[in-house]
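Participant: Quick one: the structure is below, and I'll ask about it shortly.
The values are calculated or read from the model by the stated rules, or taken from the named source; none is laboratory data. Note that the structure is predicted; figures quoted are calculated from it, not measured. Note that we place each Cβ from the backbone using ideal geometry, even for glycine, and neighbour counts take in every protein chain shown. Heads up: the accessible areas ignore ligands, DNA and RNA and are worked out on the full protein's heavy atoms, side chains in. Shrake-Rupley method; radii C 1.70, N 1.55, O 1.52, S 1.80 Å.
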Amino acid sequence: MPETEMIGFSAGMVEIYKTVSHVAETDVTVVVEGETGTGKDLVARMIHRLSRRAAQPFVPVDCGSIAPSLLESELFGAMRGAYTGADRDRVGVFEAANRGTVFLDEIGDIELNFQLALLRFLENHEIRPVGASRSKQVDVRVIAATNKDLQRMVESGKFREDLWHRLNVVRIVMPPVRERRGDVPLLARFFLNKFNTRYSRDVKLTDSGIKALQDYTWPGNVRQLQHVIERLTVLAERIDAPTVHQALTVMESREKPVETLADAEEDQIRRVLAATGGNKSKAAQILGIERKTLYRKLERMKL
C-alpha cells in the first residue's frame, strides 16, 4: 500500500480500501461523496497511486473555486486570441494530464450549461480548446468528488441526470468521523507523530486526551482533527482532556474578536511563530484565527 494519510480500520474504511484496490486496476470513472474534511482527495490520490497511471500526472481541480466563465478554458485549453487577454495558446488540464488522472473536486458546483461539455468529454475523451477548429484525443482518467447529494440535485434539476449516471460508475461514500470514532485514536497518533517530527516536539497523548477526542462530534471531520492536533503539538506539553477541551473551545469561538491580549496568549503566539519559522499564515491556522486577526495582535504586541 502506498504512503497515505487514509488511516483507520473501521468497517466503513475497510470497505473503502477494498473498493479502491478493485477500481485502481481499471480506468473506470469514480465519484467520491462525503462531507467536507472526510478525505475525498486522499481516496482519489490512492486510486491514482495504485493504478497503471501512477508515474503520470495527478492533477486536482477545485471546480468550486474557478469562475464558470473560465472553467472551459481551464479544462479544455484555449487558443491565442480566443478571448480578451488570450495572448498565447493555453494548454488545458485534460491535455496537461494526458495518460494521467484528473481529480475534479466539488463537481456539484459546475453550472448546468457546462455539464454537457463535460459529459461529452467523458464519453469520447476529446477536447476542443476554446477558439480551436479541431478536436484532439486525450487519455485521461477522471475521478470526481462532491460534498453535495448529486442524486437530490438531479431530482431538483440542478445536475444533469445523464452526467450523474456517467460519473456514477463506481461510487465511494466517505464516512464522517462521528461514524468512525474507533479510528480517532489512530488518526490522532498519526497526526501527533507527524507534527512532533515537523516541529521537533515530544508531546504525549494521554488516555484522557484520547477519550476527549473520541467524545467530540468533529463537524469538520478529519481535517478539523488534524488542525487540533497540530495546534496542541505546538502549544501543549501533553494532550489530555483539559487541553483538548480548551483547544476545541478556542476553535469553536475563533470568529469572536479578542480585544485584550493576556500574557498567556502572547506566549502562545510567540511559540507558534517560532515553530512555524515566522510563517504567519500557518501560525494563524494553528492558532485558529484569521490571518488579519493575527496581524492586529502582532501590531499590538509590537512584533
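Participant: If r is the Cβ-Cβ distance from Lys280 to Thr206 and R0 is 30 Å, what FRET efficiency results, to the nearest 0.05?
Facilitator: In this case the efficiency is close to 0.45.
Participant: Using only the alpha-carbon atoms, how far is helix 291-300 inclined from the longest principal axis of the chain? Give it as 0 to 90 degrees, nearest 10.
Facilitator: Its long axis makes an angle of about 30 degrees.
Participant: Next question. Please state the shape class of the range 145-295: rounded when a/c is under 1.5, otherwise prolate if a/b exceeds b/c and oblate if not, all from the C-alpha gyration tensor.
Facilitator: prolate
Participant: How would Glu161, Glu35 line up by accessible area, probe 1.4 Å, largest first?
Facilitator: Largest accessible area first, the list is Glu161, Glu35.
Participant: Are any of the pairs Lys40/Lys136; Lys280/Lys302; Lys211/Lys280; Lys158/Lys292 more than 26 Å apart by Cα-Cα distance, and if so, which?
Facilitator: Lys40/Lys136; Lys211/Lys280; Lys158/Lys292
Participant: If DNA, RNA and ligands are ignored and the probe is 1.4 Å, what is the ranking of Ser65, Ser73 by accessible area, most exposed first?
Facilitator: Ranked list, largest accessible area first: Ser65, Ser73.
Participant: Let me ask something additional. To the nearest 20 debye, what is the magnitude of the charge dipole of the chain about its Cα centre, counting +1 on the Cβ of each Lys and Arg and -1 on the Cβ of each Asp and Glu?
Facilitator: 680 debye
Participant: If you count only protein heavy atoms with a 1.4 Å probe, what accessible area per residue comes out for the chain, rounded to a whole Å²?
Facilitator: Spelled out: the 1.4 Å probe surface of the chain, per residue, equals 52 Å².
Participant: Shifting gears a bit: Could you give the alpha-carbon Rg of the range 1-128 over 2.2 N^0.38 Å, rounded to two decimals?
Facilitator: 1.17
Participant: Please state the relative contact order of the range 80-179 as a whole percent: Cα pairs under 8 Å, 6+ residues apart?
Facilitator: Once divided by the residue count of the range 80-179, the mean separation gives 30 percent.
Participant: Starting from the residue with the highest accessible area, list Val130, Val203 in decreasing order, probe 1.4 Å.
Facilitator: Largest to smallest exposure gives the sequence Val130, Val203.
Participant: Now for a different question. Note the angle between two axes, namely the Cα long axis of helix 221-235 and the longest principal axis of the Cα atoms of the chain, as a number of degrees from 0 to 90, rounded to the nearest 10.
Facilitator: 40 degrees
Participant: Normalised by the residues of the range 30-154, what does the relative contact order come to in percent, with Cα pairs under 8 Å and at least six apart?
Facilitator: The value is 34 percent.
Participant: To continue, here is another question. Take the solvent-accessible surface of the protein heavy atoms, probe 1.4 Å, and return the percent of it on the range 35-166 that carbon and sulfur atoms account for.
Facilitator: C and S atoms contribute 44 percent here.
Participant: Let me ask something additional. Residue by residue, what Karplus-based ³J(HN,Hα) values in Hz, rounded to whole numbers, does the range 177-189 have, using 6.51, -1.76 and 1.60 with θ = phi - 60° and x for Gly and Pro?
Facilitator: Listing the rounded values in order: 4, 4, 9, 9, 5, x, 8, 4, x, 5, 5, 4, 5 Hz.
Participant: Further question on the same structure: Helix 263-275 against the longest principal axis of the chain: what's the angle in degrees, Cα atoms only, rounded to the nearest 10?
Facilitator: Value to nearest ten degrees: 50.
Participant: If each DSSP helix of 4+ residues adds -39,500 (n - 2.57) and the sum is divided by the residues in the chain, what number results at 222 nm, nearest 500 deg cm²/dmol?
Facilitator: So the helix-based figure for the chain works out to -14000 deg cm²/dmol.
Participant: Now for a separate question. Taking Cα centroids, how far is the range 32-79 from the range 96-167 in Å?
Facilitator: 11 Å
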